[in-house]
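Novice: I have a structure I would like to understand better, so I am pasting it below and will then ask my questions one at a time.
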Amino acid sequence: MQKIDGSQLISELTLADLEKAEGASLSFCACVHKLRNMSGFSFVILRTARYVLQSVYTKECDGDFDALTEGAYVRVTGTVKKEERANYGYEITLTSFEILSKPAAEYPLHVSSKHLGCSIETSMEYRSVALRHPEQRAVFKVAEGVVSGFREFMLSENFTEIHTPKIVAAGAEGGANIFKLKYFDKDAYLAQSPQFYKQTCVAFFDRVFEIAPVYRAEKHNSTRHLNEYIGLDFEMAFINDMHDVMAMETAMLKHVMKYLGENYAHELDMLGAVLPVIDDIPSVTFFEALDILGKSHNQFDLDPTDEVKLCEWAKENHGSEFVFVEKFPGLKRPFYAMDSKDDPKLAESFDLLFRGLEITTGGQRIHDYDEQIAKLKRYNVEPEELGAYLDIHRYGMPPHGGLGIGLERIVMKLLGLANIREASLFPRDIHHLDP
């Protein structure tokens with residue numbers, strides 16, 4: 001922290017800084033969010049990286065008010081005082097300011113309005129401007145909180161953070177939903193999942209997690225799909241069954257919600273978000289779920305309407321906004337999912353639904369070499385196609401399982417957003433490759 005003209009220059013202003021500086025002079029950098037001329041004085045609303053602060057310009061201030069414009073970046077100095085009517089209960093009386101830069105054009109969106117008030121397509125078109133709006137920006141502070149809480153919990157449970165390749169020789173899920181690219185003289189793909197590498201790493205780290213992009217070449221144009229998203233993944237060894245993974249996720253989610261409440265109340269209040277209360281998360285088997293929905297047993301997956309209705313059932317009958325669905329038909333689960341000992345047609349695999357949307361897929365993986373080879377044959381997959389992946393089974397694996405969570409999906413549901421693109425800084429879908 002530096003001293004400039006006897007005042008403190010704050011590199012990134014916090015509310016604690018305001019409280020400490022009450023009655024004293026403070027210097028910090030910000031963007032002019034809004035200008036309001038009054039009789040005898042003017043309000044200069046300042047936008048910092050996290051807050052929108054009220055400052056007052058009077059004729060005693062050293063600086064030309066007429067030179068200020070919305071969107072200008074400034075370094076200001078002023079005296080902090082309590083003011084109940086101002087944001088956060090403090091106001092800054094400006095004593096001087098310096099203009100650091102000015103925009104060459106006016107904003108094409110109403111950044112200083114309470115709500116941005118434009119369509120999602122317009123928000124995408126002018127993304128760098130839309131994200132300057134406090135509400136838009138707050139979404140990604142909450143996303144930061146989810147990631148930070150997830151990482152803090154994983155490390156506290158002795159998971160090792162890993163960083164796996166995103167250019168791969170084979171897709172973990174297979175199928176057509178994989179982006180192909182040329183890798184020098186070979187074909188390569190963008191990773192659909194860190195699955196193979198997570199499993200590899202549990203052989204020597206026991207517990208691992210990763211926070212990284214995931215790529216799916218699905219031609220969806222829905223409110224719940226992206227072609228690039230951030231995956232929160234973990235894998236853990238020495239499990240008894242998939243319920244150990246489900247218990248770990250439940251504990252992690254409790255921690256994340258507590259972390260958000262303690263560190264991101266400002267953004268949650270701004271967005272009108274209510275954090276879910278998590279005790280025990282109810283769990284039903286796939287076919288029990290079909291019975292609850294009043295459906296026949298001749299389907300092999302849940303559709304979006306099913307997910308909504310199951311969450312309504314869980315809320316009404318268990319007071320939970322989450323519900324696990326487990327033991328899916330094996331035909332709809334990947335080749336690395338372990339078959340159920342009770343019924344080989346079922347997989348030791350689960351989904352977690354939250355407020356009407358699947359946010360997690362996980363389960364127990366096959367660790368035995370012969371068992372994995374046999375399942376590959378049933379799936380008509382040649383073992384040679386998987387190369388080094390099968391080496392981890394050949395040279396020994398502990399019983400293990402894990403899961404993947406879509407960050408944008410959980411943020412979307414936490415904040416009640418209508419479209420998953422609102423939870424992505426720069427969405428990638430079939431229509432958006434720029435910005």
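Novice: Can you work out ³J(HN,Hα) from phi for every residue in the stretch 206-221, in order, using Karplus 6.51 cos²θ - 1.76 cosθ + 1.60 and θ = phi - 60°, giving whole Hz and x for Gly and Pro?
Specialist: Computed from phi, the couplings for the stretch 206-221 are 6, 10, 9, 9, 8, 10, 6, x, 10, 10, 9, 8, 8, 8, 7, 9 Hz.
Novice: To continue, here is another question. Find how much the distance from F287 to E12 grows on full extension, using 0.36 nm per residue of separation minus their present alpha carbon separation; answer in nm with one decimal. Walk me through the numbers before you get to the answer.
Specialist: On the way: separation 275, 0.36 × 275 = 99.00 nm, distance 5.30 nm.
Contour length minus the Cα-Cα distance gives 93.7 nm.
Novice: With label points built 7 Å along Cα→Cβ from the Cα atoms of Y183 and E22, find their separation and express it in nm.
Specialist: Those two pseudo-labels are separated by 5.9 nm.
Novice: Here's a follow-up. Which entry in (i) 182; (ii) 162; (iii) 139 matches volume of the Cα convex hull per residue in Å³ derived from the coordinates of this structure?
Specialist: So the calculated entry is the one marked (i).
Novice: Let me check I've understood the local charge: for T122, count other residues with C-beta under 13 angstrom from its C-beta, Lys and Arg +1, Asp and Glu -1. What total comes out?
Specialist: Working: positive: R127, R421; negative: E121, E125, E422.
Residues near T122 contribute -1 overall.
Novice: Taking amide H atoms as placed 1.01 Å from N in the peptide plane, list the residues 5 or more away in sequence, or in a different chain, whose amide H sits under 5 Å from that of R365.
Specialist: Excluding prolines and chain starts, which carry no amide H, the hits are M338, H400, G401, G402.
Novice: Now for a different question. For the chain, take the longest principal axis of its alpha carbons; what is the angle in degrees between that and the long axis of helix 134-156, to the nearest 10 within 0 to 90?
Specialist: Helix 134-156 sits at roughly 50 degrees to that axis.
Novice: On a C-alpha basis, how far is the centre of the stretch 106-168 from the centre of the stretch 360-374 in Å? Whole number, if you could?
Specialist: If we compute the Cα centre of each part, the gap is 34 Å.
Novice: Exceeding 18 Å between C-alpha atoms, which entries from my cross-link table qualify? They are K141/K413; K182/K332; K258/K315; K332/K377. Intermediate results must be reported in sequence, preceding the final value.
Specialist: Numbers: K141/K413 15 Å; K182/K332 30 Å; K258/K315 20 Å; K332/K377 16 Å.
K182/K332; K258/K315, as the Cα separations exceed 18 Å there.
Novice: If I take R0 = 30 Å and measure r between the Cβ atoms of I167 and K219 in this structure, what FRET efficiency does the formula 1/(1 + (r/R0)^6) give, to the nearest 0.05? Walk me through the intermediate numbers first.
Specialist: Numbers: r = 22 Å, r/R0 = 0.73.
After rounding, the FRET efficiency stands at 0.85.
Novice: Can you tell me the length gained on complete extension of the stretch F140 to E98, counting 0.36 nm per residue apart and subtracting the Cα distance? Write out the running numbers ahead of the final one.
Specialist: Numbers: separation 42, 0.36 × 42 = 15.12 nm, distance 2.93 nm.
Gain on extension, F140 to E98, equals 12.2 nm.
Novice: At 0.36 nm per residue, minus the direct Cα-Cα distance, what do F238 and N87 gain on full extension? Give it in nm, one decimal, please.
Specialist: Extra length available between F238 and N87 comes to 49.3 nm.
Novice: For the chain, take the longest principal axis of its alpha carbons; what is the angle in degrees between that and the long axis of helix 369-378, to the nearest 10 within 0 to 90?
Specialist: 90
Novice: What net charge do the residues around K82 carry, taking every other residue with its C-beta under 15 Å from that of K82, with Lys and Arg at +1 and Asp and Glu at -1?
Specialist: Working: positive: K20, K81, R85; negative: D17, E19, E22, E83, E84, E91.
Around K82, the charge tally is -3.
Novice: Another question, if that's okay. Going by a ≥ b ≥ c, the root eigenvalues of the Cα gyration tensor, does the stretch 2-101 fall in the rounded group (a/c under 1.5), the prolate group (a/b larger than b/c) or the oblate group?
Specialist: It comes out rounded by the Cα gyration axes.
Novice: Among D62, D429, what is the fewest-to-most ranking by other Cβ atoms within 10 Å?
Specialist: If I rank by nearby Cβ atoms, fewest first, I get D62, D429.
Novice: Among E60, E408, E125, E235, what is the fewest-to-most ranking by other Cβ atoms within 10 Å? Mind dumping the intermediate values first?
Specialist: Details: E60 10, E408 26, E125 16, E235 29.
Ascending Cβ contact count within 10 Å gives the list E60, E125, E408, E235.
Novice: Here's a follow-up. Counting Lys and Arg as +1 and Asp and Glu as -1, what is the net charge of the other residues whose Cβ lies under 10 Å from the Cβ of M412?
Specialist: Numbers: positive: R224, R355, R409, K413, R421; negative: E408, E422.
Around M412, the charge tally is +3.
Where a number appears in this text, it was derived from the coordinates with a stated rule and is not lab data. Being a predicted model, the structure only gives us computed values, none of them experimental. Cβ atoms come from the backbone with ideal geometry, glycine included; neighbour counts cover every protein chain shown.
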